[in-house]
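Report on the following structure.
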Amino acid sequence: MTGLAHAMILAAGRGERMRPLTDHTPKPLLEVHGKPLMQWPMEALAAGGFTELVINTAWLGEQIEARFGARHGPSRLRYSHEGLDFGGALETAGGIARALPALGEIFWVLAGDVFAPDFRFTQEAVRRFAASGQLAHLWLVPNPPHNPRGDFGIDAAGLATDSGEARWTFSTIGLYRAELFAPPLCSLPAGNPLGEKAALAPLLRAAMAARRVSAEIFAGSWTDVGTPERLAAIDRP
């Protein structure tokens with residue numbers, strides 16, 4: 001079953017800090033070295049054998065489906081159009097809950113506006129996670145200048161924590177078990193039929209308190225493309 005793990009690419013954000021670039025183009029379609037930002041992880045997922053992708057959209061989401069259609073290379077693409085269905089983005093947990101029926105028991109989630117060209121999505125990572133019984137496994141990165149205090153820590157057992165002085169930044173890349181998005185941790189029903197908004201961080205913190213989230217450090221190239229300046233920096237030859 002692990003080889004069938006699906007992936008969700010988060011592509012619903014407005015990208016306010018990227019304006020005016022995102023006034024007419026959704027941020028995941030902004031190009032880096034001749035390819036849309038979100039195409040980099042799409043191709044990396046396919047290289048790892050993960051070819052069933054769900055993409056959520058809101059702001060200018062029709063451009064994303066128009067750009068990639070139902071297939072990209074070996075990958076089959078499905079869309080969760082939060083903007084069309086509910087008038088706007090549902091935040092991360094709300095968006096995942098909305099797409100949950102299409103994701104299966106274990107799945108990847110990552111942001112379509114993060115540039116991590118060195119990251120490898122591997123079957124071995126899925127196998128380890130499936131055997132662990134954890135609800136989530138997160139990849140953390142060294143803190144960038146715009147997030148100096150970090151997000152989460154890692155204890156000696158390899159579990160993610162919400163305490164301690166040594167903290168790292170959440171890369172947005174993670175493996176998840178559908179159980180995380182079900183009661184008692186999450187009150188949203190699968191499919192999120194009412195389109196309720198919900199953030200991911202409170203769910204992760206609750207699961208961390210129960211010692212059900214593992215983590216590791218990713219030391220490769222990673223950029224949260226949150227400003228035009230960061231986009232320009234990674235697009236230099």
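The values are calculated or read from the model by the stated rules, or taken from the named source; none is laboratory data. Remember, it's a predicted structure, so these values are computed and weren't measured experimentally. We place every Cβ from the backbone using ideal geometry, glycine too, and count neighbours over all the protein chains shown.
Show me the helices (runs of 4 or more DSSP H) entirely contained within segment 60-169 in which 1 or more residues are of a type in the set (S, T, Y) and closer than 27 Å to G48 by Cβ. Show your work before the answer.
Working: elements: 61-68, 82-86, 91-99, 123-132.
Per the criteria, 91-99, 123-132.
Which one is surrounded by the most Cβ atoms within 10 Å (Cβ to Cβ) among residues in segment 209-237 that are aliphatic (A, V, I, L, M) and farther than 14 Å from G174 by Cα?
V225
Identify the single condition in (1) surrounded by fewer than 24 Cβ atoms within 10 Å (Cβ to Cβ); (2) hydroxyl-bearing (S, T, Y); (3) under 22 Å from A12 (Cα atoms) that T57 does not satisfy, given that it satisfies every other one.
Of everything listed in (1) surrounded by fewer than 24 Cβ atoms within 10 Å (Cβ to Cβ); (2) hydroxyl-bearing (S, T, Y); (3) under 22 Å from A12 (Cα atoms), T57 misses just condition (1).
For segment 132-157, give me each residue that is within 21 Å of the chain's Cα centre (by Cα), closer than 19 Å to A210 by Cα and small (G, A, S).
Of everything in segment 132-157, those that are within 21 Å of the chain's Cα centre (by Cα), closer than 19 Å to A210 by Cα and small (G, A, S) turn out to be S132, G133, A136, G153.
Looking only at segment 201-221, decide whether some residue is assigned to a loop (DSSP other than H, G, I, E, B), of a type in the set (S, T, Y) and in contact (Cβ under 8 Å) with a residue 40 or more places away in the chain.
Yes, that holds for at least one residue.
Would you be able to tell me the number of residues in segment 216-237 that are closer than 30 Å to L159 by Cα and at pLDDT below 90?
Here the count works out to 1.
One line per residue, one yes/no per condition, for (1) touching a helix residue (DSSP H, G or I) at 6+ places or on another chain (Cβ under 8 Å); (2) at pLDDT below 95; (3) surrounded by fewer than 24 Cβ atoms within 10 Å (Cβ to Cβ):
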| site | (1), (2), (3) |
| --- | --- |
| G87 | no, yes, yes |
| I96 | yes, no, no |
| P101 | no, yes, yes |
| F107 | yes, no, no |
| F121 | yes, no, yes |
